[in-house]
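Q: Below are the structure tokens for one structure; questions will follow.
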Amino acid sequence: MLHKKHGRTYYLATRLLPAWKRRHVHALYGFTRYADEIVDQTEALPPAARKERLDEWSERFVAGLRGGEVDDPLLPAVLHTIAVFDLDVDDFATFLRCMAMDLTITSYDTYDDLLEYMEGSAAVIGTMMLPILGSADPAAAREPARQLGIAFQLTNFIRDVAEDLERGRVYLPREDLDRFGLTPADLRPGNPKIKPLIVYEVERARGHYRQAAPGIPLLEPASQACMRTAYLLYGGILDQVEAADHDVFARRATVPNSRRAAVAVRSLLTRPGTPVAA
């Protein structure tokens, strides 16, 4: 239910997976979403208190990895998934470390700095998912999986500029703002100078999608419709940003339900191994 409520695109896509894979994807989503909520949905608490909560939850997770009993509604499921697929626990440690960064870091000077953050907040999600999705060539599929995680994350940052500002965060790198003669204070509704910045970031995100596209035909046939759907729908958010003339303040860019359903059906009908149009 957590996945269905908060991750509509992912939830729709995972409905296209075999049921036995689906429950493991939900377990991973629950883990990552709950960590994110400790950071973002407890804003009445000072950062130190939120860090303490995240640390306590992380300690329970580590105890579970070591075989200890875990009194938690979410952790047993993800611990089971880690054991079943022998997932790399370093990916989980990297993810939790990046969640903690959001408590103290509110902006990034360069894109390389942002990529370092997205390595833990997004790229590792791709590598966590890959063993569940399955691939005949995991080594070849690994980098596209990482790139897809980054593409999804950067899409979020573009769509959610206004929401992130309300939290006191700017994920678009300062060097990019400088490139277009902007400061964080200029990120406000009605400022026409923002459009070239968003055009630039959309094209950067599309570059990551292009690097991710070759990985989808490498997945197990039963997983391809799921990830093809997620790829096209998340990329479709960028289409909606463009359709709004790159105004990320007027409304939150979302893909219409009619298109969501059409993409899912088309993905189901696409022969496994068919390249994804990047």
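The values are calculated or read from the model by the stated rules, or taken from the named source; none is laboratory data. The model shown is predicted, which means the values in this text are computed figures rather than measured ones. Don't worry about glycine lacking a Cβ; one is built from the backbone with ideal geometry, like all the others, and counts go over all protein chains shown. These accessible areas exclude ligands, DNA and RNA; they are computed on the full protein's heavy atoms, side chains included. Shrake-Rupley method; radii C 1.70, N 1.55, O 1.52, S 1.80 Å.
Q: Using the basic label-point model (7 angstrom from Cα toward the beta carbon), what is the D186 to A140 distance in nanometres?
A: Inter-label distance under the simple model: 4.5 nm.
Q: Please calculate how many Å² of accessible area region 7-114 carries per residue, with a 1.4 Å probe and no DNA, RNA or ligand atoms counted.
A: For region 7-114, the per-residue accessible area is 52 Å².
Q: Additional query: Give me the distance in nm between label points sitting 7 Å out from Cα along the Cα-to-Cβ direction at E163 and E116, one decimal.
A: Label-label distance for E163 and E116, simple model: 2.7 nm.
Q: So how do T274, T104 rank on accessible area, 1.4 Å probe, biggest first, that is with the largest at the start?
A: T104, T274
Q: OK, next. Which value, in nm² and rounded to one decimal, describes the direction-averaged projected area of the C-alpha convex hull of region 159-254?
A: 6.8
Q: Using a 1.4 angstrom probe on the protein heavy atoms only, line up W20, W57 by accessible area, largest first.
A: The ordering from most to least exposed comes out as W20, W57.
Q: Roll a 1.4 angstrom probe over the protein heavy atoms and tell me the percent of accessible area of the chain that is carbon or sulfur.
A: 54
Q: Another one. Which three numbers, in whole Å and largest first, are the semi-axes of the equivalent ellipsoid of region 8-49 derived from its Cα gyration tensor as √(5λ)?
A: Calculated on Cα positions only, the semi-axes equal 29, 10, 4 Å.
Q: Return one whole number: the accessible area per residue of region 164-232 in Å², for a 1.4 Å probe.
A: Accessible area per residue, region 164-232: 43 Å².
Q: Would you pull out the residues with amide H under 5 Å of S135's amide H, same chain only if 5 or more places away, H placed 1.01 Å from N?
A: For S135, the qualifying residues are E220.
Q: Counting only helical runs of four or more DSSP H residues, what would the 222 nm mean residue ellipticity of the chain come to if each run contributes -39,500 (n - 2.57) and the total is spread over all its residues?
A: After summing the helix terms and dividing by the residues of the chain, the value is -21000 deg cm²/dmol.
Q: Give, to the nearest whole percent, the P(r) tail of region 53-202 beyond 22 angstrom, counting all Cα pairs.
A: 50
Q: For the chain, take the convex hull of the Cα atoms, compute a quarter of its surface area, and give me that in nm², please.
A: 14.4
Q: Starting at 0 and stepping by 10 Å, how many percent of the alpha carbon pairs of region 86-169 end up in each bin?
A: Histogram of Cα-Cα distances, whole percents per bin: 17, 47, 27, 9, 0.
Q: Using a 1.4 Å probe and ignoring any ligands, DNA or RNA, find the accessible area of D109 and quote it in Å² to the nearest 10.
A: Around 90 Å² of this residue is reachable by solvent.
Q: Using a basic spin-label model with each label point 7 Å from the Cα along Cα→Cβ, how many nm lie between D36 and R266?
A: Here the modelled spin labels are 2.5 nm apart.
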